[in-house]
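Here the structure is laid out as structure tokens; the discussion comes afterwards.
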Amino acid sequence: DVILKADDIVKHYPIKGGILRTTTGHVKAVDGVSFELHRGETLGIVGESGCGKSTLGRVLMRLEEPTSGTVNFDGVEMYAQSGSAMRKLRRDIQIVFQDPYTSLNPRKTVGDIIGEPFDIHPDVVPKGGRKQAVKDLLDMVGLNPEHINRYPHQFSGGQRQRIGIARGIALKPKVLICDEPVSALDVSVQAQVINLMEKLQDELGLSYIFIAHDLSVVRHISDRVGVMYLGRMVELGTEAEIYQRP
Ligand code: ADP
Ligand code: ADP
């Protein structure tokens, strides 16, 4: 059962100092990537810095148009959708960013940050139920619901990433794209956040795309791993298939 299918995704950028330069003056950030994500699966995407992981992640949820290629999400051609249809589709495919220090608005309370998706999709929560819905989310990610009026700087790095995750799951999406969600955290905190993500996957039936530069971060959580190199997905399979081949 396939929830997301990427077909021959290509994304070029005008040259700004990338490693792989072509004679026509652009960086091939993503250079023909195809794969399928199965429902309930965690697909790890690993590769060194600059190989195109984040660009692919952004294209998969239409934060950025690809140069060519298609994304089919839950049976729907994502890039054939109008803006309003896409906004509806976004409910089901969300993203969590790497850096909990910069991706949370410092002037907003955590209540307003986590409640943002409800402002865009008001029908998701019953009238007057927004505050309780946010408190429930805080509780789900292991934060104190009474801290709803605090600001991001009043939380540790790991706690801030929990806030980012709470926002990401607020609409109960089908797919969560996690772009290096623990890379900025201490190793001990990384494990806690990954455990949380596994718990949430079980509770919500999420499918994950889990981007990391380091295999060690994703090996335990991933059902399959895709290895990217210079914009291409050069390997895709279970960890055993990829790394323990004779
Ligand atoms: P990764 O996430 O694996 O570190 P990225 O997707 O961020 O890789 O970047 C892939 C390549 O595309 C790099 O060469 C990077 O410099 C280039 N790139 C990424 N985003 C942009 C952009 N907005 N404009 C120009 N080049 C970009
Ligand atoms: P900008 O703030 O310049 O628009 P962003 O990358 O923050 O750039 O957001 C780009 C688009 O993605 C916006 O339409 C925003 O609403 C949406 N967006 C940002 N964060 C998320 C998220 N966690 N889940 C889904 N959509 C998001």
- request: Scan around residue 3 for amide H atoms under 5 Å from its own, H built in the peptide plane at 1.01 Å from N, and keep only partners 5 or more places away or cross-chain.
  value: 37, 38, 39
task: Using the Karplus curve 6.51 cos²θ - 1.76 cosθ + 1.60 with θ = phi - 60°, work out ³J(HN,Hα) for each residue of the stretch 178-194 in order, rounded to whole Hz, and write x for Gly and Pro.
output: 10, 9, 6, x, 10, 4, 8, 9, 4, 4, 5, 6, 3, 4, 5, 5, 5
query: From the phi of every residue in the stretch 112-120, what ³J(HN,Hα) in whole Hz does the Karplus formula 6.51 cos²θ - 1.76 cosθ + 1.60 yield, where θ is phi - 60° and glycine or proline is x?
result: 6, 5, 6, x, 3, x, 6, 5, 7
field: Residue-by-residue Karplus 3J(HN,Hα) for the stretch 93-99, coefficients 6.51, -1.76, 1.60, Hz, glycine and proline x
entry: 9, 10, 10, 10, 8, 5, 9
task: Would you mind checking which residues have amide H under 5 Å from residue 234's amide H? H placed 1.01 Å from N; only 5 or more apart, or other chain.
output: 227, 228, 229
- line: Carbon plus sulfur, as percent of the 1.4 Å-probe accessible area of the chain, comes to 48 percent
- prompt: What is the local net charge at residue 142, summed over the other residues whose Cβ is closer than 10 Å to its Cβ (Lys, Arg +1; Asp, Glu -1)?
  reply: +1
- request: Could you sort 222-233, 193-204, 77-88 so that the peptide with the highest average Cβ count within 10 Å comes first and the rest follow in order?
  value: 222-233, 193-204, 77-88
query: Dipole of the stretch 38-89, Cα-centred, from +1 at each Lys and Arg C-beta and -1 at each Asp and Glu C-beta, to the nearest 20 debye?
result: 180 debye
- request: Before rounding to the nearest 500, sum -39500 (n - 2.57) across all DSSP H runs of length at least 4 in the chain and divide by the residue total; then give [θ] at 222 nm in deg cm²/dmol.
  value: -9000 deg cm²/dmol
task: Taking only protein heavy atoms into account and a 1.4 Å probe, give the accessible area per residue of the stretch 82-175 in Å².
output: 49 Å²
field: Environment charge at residue 67 (Cβ cut-off 12 Å; Lys +1, Arg +1, Asp -1, Glu -1)
entry: -2
message: As I understand it, the dipole of the stretch 107-246 uses +1 on the Cβ of Lys and Arg and -1 on the Cβ of Asp and Glu, about the Cα centre. Which of 157, 110, 142 lies farthest toward its positive end?
response: 110
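The values are calculated or read from the model by the stated rules, or taken from the named source; none is laboratory data. What you see is a predicted model; the values in this text were computed from it and never measured. Note: ideal-geometry Cβ built from the backbone for every residue, glycine included; neighbour counts use all protein chains shown. The protein model used for the area step is the full one, side chains on, heavy atoms only, and it has no ligands, DNA or RNA in it. Shrake-Rupley method; radii C 1.70, N 1.55, O 1.52, S 1.80 Å.
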